Structures are given as C-alpha cells and as structure tokens.
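Working notes, structure below.
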There are 2 protein chains.
Amino acid sequence: MAQSNPPFMSGVPELLLLRLLDQSEMYGYELVRSIRKATGEAISLGEGVIYPVLHSLERNGSLKSRRKAVAGRTRVYYSLTGKGRQRLQKLHSDWQRIQGGISTALEAPIHA
Amino acid sequence: MAQSNPPFMSGVPELLLLRLLDQSEMYGYELVRSIRKATGEAISLGEGVIYPVLHSLERNGSLKSRRKAVAGRTRVYYSLTGKGRQRLQKLHSDWQRIQGGISTALEAPIHA
DNA sequence: TTGATATACCTTGCGGTTCAAGGTATATTC
DNA sequence: GAATATACCTTGAACCGCAAGGTATATCAA
C-alpha cells in the first residue's frame, strides 16, 4: 500500500541536500537525520532517496566527495562545487517562484 | 531538450485545479488561462497537463462535469464534489507541511 | 474565398524521480 | 550471542508532468 508518489516532493531532495551541504560537509547517513531536523520534522527522506541523489549530483559535478575512516567504518563526505552552488541558486529561485505562485492562488478571495 | 521533470511541480496541477474549481465552475480551456492569472504568471500549465488531470479527478469522484453548448462549441464545465473538497483539504495541508519544512531549512543560519 | 488565429476538446510517449524493500558489513550495547 | 546502531548501497515499480501532435468549429482580415 503506502501511497506512492507523494505530492509536492519533486526536486525537494536535491534542494535540501544542496542547501545542507552548502553549510557544511556531511555524509549520507548523517544527511538523512539532518534533513528531518532542518525541516522541523516536516520532511523525512530515506536512504533509498538520499544515496542515489548524492551519486547523481556527484556525477554531474555539483558535488565532490572524500572518504574518511572513522572508528573502523568508512564515511563518504560530500561538499559543494562551484557548479553545485550555481545549481542551488537556480533551484532556490525556482522554488521561490513556484511557492509564491501557489501562495497567491491559495490566498485568493474566499468566494467570488 | 527542454529539461523535463521540472522541479517542485508534482501535485501542483491537481492542487491548483481543485482550488480554482472550488471557487467556481470552469471548463478546461478556461482553466489553462485562469491558472496563469491566479498564480501571478508564476505557473503556466498546458492543456496536455490540464485535461488528463481533470479526467482522472472525475474518474475518482473528486469532480463532476456537465456539457454546455456555447456559440456552436461545446464546453465541459467541472465542479467539485464532496470528495473533491476533502481531497483539496488534504492536498492543502500536505502543501503547508512541505512548504513550511522547506522554508525552515532554507532560512537556517547563513553559516555555522 | 481563403487563410490565419482563437476557441475547445483530446491522446500518446518520453523521461525523470521518489519510494519501499532489501542487501552487506562493522561496532556497540545488553 | 543477540539485538541495535552505524554506514554504505541497489533494484523495481509507480507515477506524473510535459511537449508534441491531432480534430473541429468560429471569427476576422486580406
């Protein structure tokens, strides 16, 4: 069951990842928890979302990574490249536009 | 080209259609223009988006329609059912949640 | 009268993306 | 020695927005 394709989520994982990684270097598992916290528990993304997006962002040059061994485990830390910062700005302004448009439509007069 | 899967649009057509039709009965072609206007030109949806969504909303009982002949042409007017109003409320609150979560994340401290 | 533009409906196919579920392996705690 | 937490990962399905293309009538201009 578990209704798939929840509304309003397209592009959101990418925006949030870029935003958080713009503030500090982080690894995947950490990002899963950070996103919950940073959105005030409003949005929760599983690892099945996070990892593929991280990989595709690295592939297209928006992120770079470095491996770091910590207490016997390996972490892969990601950070933004110049291209990633540009991508973040673009997504940010896209978001503002859409969000503003929807607000306008929702706030319209209660009745004709 | 024309990058497909534009970010932040999933669920948006459905929300906007339900919102506008909650205010007044309208037909498809009219909705295309109304959406542009209601969102302050921020969002523009083509007929290839509108009609399929109208049909699927009618199929699942959120909308009802009636045909009306006007100046030799036929218009199909849509309006909300009770189920449609419930659906609108649900989508509206989903939107508020996501929108709020993203705002919180974006407004976070500029730097550590 | 013929051609372009606006109105009004519609479908098909592509492509991208989120998500649940499942999989591996090590460290820690009970 | 068993469960839990950490940390990485992939696969497959489902969904859905969009561009492009298709039909037909009314209107207006040349």
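Looking across segment B:69-79, just one residue is exposed (fewer than 11 other Cβ atoms within 10 Å of the Cβ) and either polar (S, T, N, Q) or in a helix (DSSP H, G or I) (or both), and that is B:T74.
Being of a type in the set (S, T, Y), under 20 Å from A:R97 (Cβ atoms) and modelled with pLDDT of 95 or more is a property that holds for A:S10.
Residues in segment A:24-57 that are out of contact with any strand residue (DSSP E or B) (no Cβ under 9 Å at 6 or more places or on another chain) and within 11 Å of B:A105 (Cα to Cα): A:I35, A:R36, A:K37, A:A38, A:T39, A:G40, A:E41, A:A42, A:I43. From the list A:G101, A:G82, the lone residue that is free of Cβ contacts under 8 Å to residues at least 12 places away in the same chain and either surrounded by 17 or more Cβ atoms within 10 Å (Cβ to Cβ) or β-branched (V, I, T) (or both) is A:G101. Tallying residues that are closer than 29 Å to A:P7 by Cβ and over 13 Å from the mean Cα position of the chain (by Cα) within segment A:57-77 yields 3.
Out of B:L45, B:L63, B:L21, one residue alone is more than 10 Å from DNA strand C (Cβ to nearest atom), within 19 Å of B:R87 (Cβ to Cβ) and touching a Pro at 6+ places or on another chain (Cβ under 8 Å). It is B:L45. Scanning segment B:43-56 turns up no residue that is within 26 Å of A:S34 (Cα to Cα) and either more than 13 Å from the chain's Cα centre (by Cα) or not hydroxyl-bearing (S, T, Y) (or both). Considering segment B:1-40, the residues that are more than 10 Å from chain A (Cβ to nearest Cβ) and among the small types (G, A, S) include one that is surrounded by the most Cβ atoms within 10 Å (Cβ to Cβ), namely B:G28. For the residues B:I50, B:I102, the requirement of being under 20 Å from A:D94 (Cβ atoms) and of a type in the set (V, I, T) singles out B:I102. Every listed requirement among (1) within 12 Å of DNA strand D (Cβ to nearest atom); (2) more than 14 Å from chain A (Cβ to nearest Cβ); (3) among the small types (G, A, S); (4) farther than 25 Å from A:S93 by Cβ is met by B:S65 save one, (1). Assessment of segment B:72-88 against the conditions (β-branched (V, I, T) and within 14 Å of DNA strand D (Cβ to nearest atom)) yields at least one matching residue.
The values are calculated or read from the model by the stated rules, or taken from the named source; none is laboratory data. Computed from a prediction, not measured in an experiment: that's the story for all the values here. For neighbour counting, all protein chains shown are included, and Cβ atoms are generated from backbone atoms with ideal geometry for every residue, glycine included.
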